[in-house]
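One structure is given below, encoded as structure tokens.
Values in this text are rule-based calculations from the coordinates and carry no lab data. On a predicted model such as this, the values are computed, not experimentally measured, just so you know. Glycine gets a Cβ as well: all are built from the backbone with ideal geometry, and neighbour counts include every protein chain shown.
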Amino acid sequence: MLLAIDIGNTNVVLALLDAEDRVLEERRAPSKDGWTAEQYAAQIRALLCGRAVRGAAVSSVVPELTGVLSAAAREAAGVTALVVNSDSPVGLTLAIEQPETLGADILAADAAAAEEYPLPVIVFDFGTATTVTVVDEQRRYRGGVILPGIKLGMQALFTGTAQLPDIRIEAPAHVICTETVESLQAGAVYGAAAMTDGLVERMESELGRPCTAVVTGGLGRFVVPHCRRRLVYDEHLLLRGLGMIWRRAQGEIHSCGAMGNAV
């Protein structure tokens, strides 16, 4: 088994993976509350429940927590964590300028998508931010776009408009709404769905061929049912990617068909 740790802007996801990188169990902890390594270690112990792991892999978009969670993994599981970055063996050619600026979460999700889905593949990650990235048929990471996340966009509305209430993210029955709350919900969900359909179309046009479209991230499940394009929702894509990168670093698996300066 393997410990996978995804440090996001809102949550830290701790997951236990089996030998095929399937998620057996997971726990969530906050990433903004100033937790110590000891507090995260307690969560890891609760996840493991006495079970041993072979290693740990970490993706982080919060640099100040990377060392904290690495120390927690060492304390709770007795392993040295592999911290994923652009030098890690992800099995992709990073065909962009300044690959060192690429987020580890994107690397992990796209590594798994390239391994498991027909190429080219477009990966939508609906989290605190929404990222949309492309891996082409030669396993080259080509780049993508970054947008404000659904909740972040709603929070911006609430901050700038005194009379708008906080709302749950869910789709009303109609796009054309007559009540304020439903209008906000429609804008959030149907707006994200229309954006998803539109970006797939534009990216396919630039690539000159059809693409597989995969959606991950906690908010993605609200969006996919309302898209007109066929998309796959894959909740644990990023976590499986961490497992693949760790095993590739141990020499247990090799990339299939990666070209050029693959890492």
(message) For Cα pairs less than 8 Å apart in space and 6+ apart in sequence, what is the mean separation divided by the residue count of the chain, i.e. the relative contact order in percent?
(response) 21 percent
(message) Counting each pair of different Cα atoms once, what's the Kirkwood radius of the range 91-176 in Å, rounded to one decimal?
(response) 14.9 Å
(request) State the volume of the convex hull built on the alpha-carbon positions of the range 38-89, expressed per residue in Å³ and rounded to an integer. (result) 78 Å³
(message) Give me the one-decimal nm value for the distance between modelled label points at Arg221 and Arg28, 7 Å along each residue's Cα-to-Cβ direction.
(response) 1.0 nm
(message) Place a point 7 Å from Cα of Glu137 in the direction of its Cβ. Which residues in the range 187-215 have their backbone N less than 19 Å from it?
(response) 200-214
(request) Can you check what the Kirkwood hydrodynamic radius comes to for the chain, Cα pairs only, in Å to one decimal? (result) 19.2 Å
(message) Along its three principal axes, how long is the range 1-127 when you only count alpha carbons? Whole Å, largest extent first please.
(response) 40, 30, 25
(message) With n ≥ 4 as the cut-off for DSSP H runs, can you work out [θ] at 222 nm for the chain, using -39500 (n - 2.57) per run divided by the number of residues, rounded to the nearest 500?
(response) -11500 deg cm²/dmol
(message) I'd like the distance separating the alpha-carbon centroids of the range 212-238 and the range 1-23, in whole Å.
(response) 19 Å
(message) Sorting check: for 195-204, 47-56, 215-224, which peptide has the highest mean count of neighbouring beta carbons within 10 Å, and how do the rest follow?
(response) 215-224, 195-204, 47-56
